[in-house]
Amino acid sequence: MRCANTRKCERGSSRAFLIALALFLCLAVVLFLRAGSWLVREDSLSKCAAIVVLSGAMPERAIQAAEIYREGYAPEVWITQATEPKQTMSALGLPFDGEEESSRRVLVHEGVPEKAIRILSPGIVNTADEMSVIADSLKRAQGTTAIVVTSKAHTRRVRALWNHLEAGRGQIIVRAAKTDSFDAAHWWRSTHSALDVVREVLGLFNVWAGLPLKPTR
């Protein structure tokens, strides 16, 4: 049925559009404000085969792994090793023992025995590689579960990558480093936290899309 008063119809349509726009903007603001907190996704701790320190954010991740070890949740701590910048430094003929060695020293300093520390191989380029190395190591150790320690904003993407790539080869418990400076509630106030959010959200879109974007190797 056609509207009898064209002007009234136009006003009604404009009002509906403005209401829809206001609702959309409110939703966008809520999503913006909650993005940081949404990225932080931790699991409850339970005993398992090993605690894994992911590459990056040293020494916070190693310190947190040592704390979990001291609480008795696993008999070993595993460290992934990044191929860079070690390969480039080696090509330049410059000494560099790798971030994994620094993490190992932090673990020892924090009370983890040398014999309980294991550096995983092969080297990794990104988090997807780390998930594969962890799954392979769990299989060799005849374990089913590992505690994976990472940064706060990185926790949700770690879980998403595991579920996408390795869910059939064991389980992980994702934990964040307590001393990580990421401000989940006010992430837009610092460049560090803002960059974390942008990187992690884009990374999650890549996972959900089936990982079409690959790292440069």
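What follows is calculated from the coordinates using simple rules that are stated; it is not laboratory data. Computed from a predicted model, the values in this text were never measured in an experiment. Cβ atoms come from the backbone with ideal geometry, glycine included; neighbour counts cover every protein chain shown.
Summary of values
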quantity	calculated
Compactness relative to 2.2 N^0.38 Å, alpha carbon Rg of the chain	1.34
Centroid-to-centroid separation of the range 48-98 and the range 105-144 [C-alpha atoms, Å]	8 Å
Segment Asn126-Glu101, length gained on full extension (0.36 nm per residue, minus Cα span)	7.2 nm
Residue of Ala177, Ala65, Ala141 that the Gaussian network model of the chain assigns the largest fluctuation, springs spanning Cα pairs under 10 Å	Ala141
Thr145, Thr155 arranged by Cβ crowding within 10 Å, fewest neighbours leading	Thr145, Thr155
Size of charge dipole - the range 33-144 - debye, nearest 20, with Cβ of Lys, Arg +1 and Asp, Glu -1, no other charges	220 debye
For q = 0.17 Å⁻¹, Debye-computed log10 I/I(0) when each Cα of the range 117-217 counts as one equal scatterer	-0.85
Ranked Trp188, Trp208, Trp162, criterion: other C-beta atoms within 10 Å, fewest first	Trp208, Trp188, Trp162
Calculated [θ] (222 nm, deg cm²/dmol) that DSSP helices of n ≥ 4 give over the chain, each run adding -39,500 (n - 2.57)	-16000 deg cm²/dmol
Nearest-20 debye value, the range 67-110 charge dipole, Cβ charges on Lys, Arg, Asp, Glu	120 debye
Mean separation of Cα contacts under 8 Å (6+ apart) over length of the range 52-141, as relative contact order %	35 percent
Pairwise FRET efficiency - Ala209 versus Ile19, Cβ, R0 = 45 Å, nearest 0.05	0.85
As computed over the range 53-108, the Cα convex hull volume per residue (Å³)	66 Å³
Proximal aspartates and glutamates relative to Lys47, as straight alpha-carbon distance under 15 Å, when same-chain residues fewer than 8 apart are discounted	Glu67, Glu71, Glu76
Sorted by Cβ neighbour density within 10 Å, fewest at the top, the residues Ser181, Ser137, Ser44	Ser44, Ser181, Ser137
Potential lengthening between Lys115 and Trp38 on full extension [0.36 nm per residue; Cα-Cα distance subtracted]	24.0 nm
Over 22 Å (Cα to Cα) - which of Lys86/Lys115; Lys115/Lys139; Lys86/Lys152 fall in this group	Lys86/Lys115; Lys86/Lys152
Distant-in-sequence amide H partners of Ala50 (H built 1.01 Å from N, under 5 Å)	Ile147
Cα-projected label distance for Ala185 with Gln171, points at 7 Å along beta-carbon direction, nm	3.2 nm
Charge dipole (debye, nearest 20) of the chain; +1 at Cβ of Lys and Arg, -1 at Cβ of Asp and Glu	1260 debye
